[in-house]
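All remarks here apply to the structure that follows.
The values are calculated or read from the model by the stated rules, or taken from the named source; none is laboratory data. Since the structure is predicted, the reported quantities are computational estimates derived from the model, not experimental observations. Using ideal geometry, Cβ is built from the backbone for each residue, glycine included, and neighbour counts are taken over all protein chains shown.
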């Protein structure tokens, strides 16, 4: 205050009519001090209302994704476009472990980086909204037209004191909006982490599919060679040779398609990792134990998952935070219905050198705009936000229940196929091999049985890929990654 109004803190002198200076009265000094005290109290009281940061997402993301993104650390640097551009051509670790893939995705995904930047902007906006209104200084003076006139001075410092009871609520609105943005960012990060895990397991199983297709091609080449040998000695027919050639062509197609699907799966994963320009010459490494448990553990009770949904699904929490912000905005609209009130104090010295301390009050008269429309708007926005929060909650419930149905169905299909299809074919292939080894069965029958087993493994590989995808989709719908036990 001294910096801006030094004349309010110095002893003031008054010039009498006969030109003799005299010290102002004690009453005038007391009035000055009282005005200063009121102004400082008002400014200091409002300045104490600061933006309260919401709880960070560190614990939620650690629990829900299985990793701690670097951008959640307090000393982390902002993710810039240049960094993403450089990362796009950075080679992936070889082998690429599942947990490393998730960490890379959360730190180098352009989609997440964009949301982080937007959330940072929202945080700055929230802090600006929560910052108290600045006081207004009105200062004016004049220029003497002769050498004996005094320079008039007028100074007034005004402050809107109704901010003392409006500012805390405005700060609460800003905090709820920022928290909703944080939770939305967290929900997107969780979804990205699960999608990355699904893509990583897809690459694993596509690689197994490629190997099975390669083995199938070798078996069909061997079968064609056997059939030609048998045809040469009169033990087979031309139709059987043609059939073997068709099977070889089909095996070539399967291998080509398997290679294409593996390359596509790698590119899809690399897109999630922000590695669009990197080489695809890498292989997958170790799975994450947390995801392994989620994929292979018994499926939890649906009611227990639904009971935990309100806390585990960050998008549900974000929608509720928006509803809380709308409720605070309604309370703010109700409070701002009251008239705007400004108080201030100042100093005046006229052309004759007469000095005085002043007290000012500005009151808005609610004659035309009584704030009714603002309150109605805030009520409608609260209703809309509450409906949206309920919609998001019900959508999450349906997503969870649908994912549960899908996971149970795919699990059953896979288990039944393994028991009733794969197991008997494996036993048949083993018997045919033993018979051929002891001379009781033909070499053709043994290779045919192995060929049938290879096809059954290809079918089981496809079912296993669906099963893992369905289980991880259930994890995504639940909103968390169970590391040890499902609720």
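Do you know which residues across the stretch 218-242 are surrounded by fewer than 16 Cβ atoms within 10 Å (Cβ to Cβ), free of Cβ contacts under 8 Å to residues at least 12 places away in the same chain and assigned to a helix (DSSP H, G or I)? Of everything in the stretch 218-242, those that are surrounded by fewer than 16 Cβ atoms within 10 Å (Cβ to Cβ), free of Cβ contacts under 8 Å to residues at least 12 places away in the same chain and assigned to a helix (DSSP H, G or I) turn out to be 218, 225, 229, 232, 238, 239, 242. Among the residues of the stretch 92-101, the one identified as farther than 19 Å from residue 189 by Cβ and either free of Cβ contacts under 8 Å to residues at least 40 places away in the same chain or outside any loop (DSSP other than H, G, I, E, B) (or both) is 96.
Of the set (1) at pLDDT 95 or above; (2) closer than 16 Å to residue 328 by Cα; (3) surrounded by 14 or more Cβ atoms within 10 Å (Cβ to Cβ), all apply to residue 384 but (3).
So that you can scan it fast, the table gives a plain yes or no per residue for (1) part of a helix (DSSP H, G or I); (2) at pLDDT 90 or above; (3) over 30 Å from residue 283 (Cα atoms):
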site	(1), (2), (3)
90	no, yes, no
103	yes, yes, no
126	yes, no, yes
157	no, no, yes
174	yes, no, yes
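The set of residues from the stretch 356-379 being in a helix (DSSP H, G or I) and either touching a strand residue (DSSP E or B) at 6+ places or on another chain (Cβ under 7 Å) or surrounded by 13 or more Cβ atoms within 10 Å (Cβ to Cβ) (or both) comprises 374, 375, 377, 378, 379. The set of residues from the stretch 433-448 being farther than 15 Å from residue 226 by Cα, assigned to a helix (DSSP H, G or I) and either touching a helix residue (DSSP H, G or I) at 6+ places or on another chain (Cβ under 8 Å) or modelled with pLDDT under 85 (or both) comprises 433, 435, 437. With respect to the conditions (1) in contact with a strand residue (DSSP E or B) (Cβ under 8 Å, 6 or more places away or on another chain); (2) exposed (fewer than 14 other Cβ atoms within 10 Å of the Cβ), residue 135 falls short on a single one, namely (2). Residues of the stretch 274-303 that are over 26 Å from the mean Cα position of the chain (by Cα) and farther than 25 Å from residue 63 by Cα: 279, 280, 281, 282, 283. Kindly establish whether residue 407 is surrounded by fewer than 17 Cβ atoms within 10 Å (Cβ to Cβ) and assigned to a helix (DSSP H, G or I). Answer is no for this residue.
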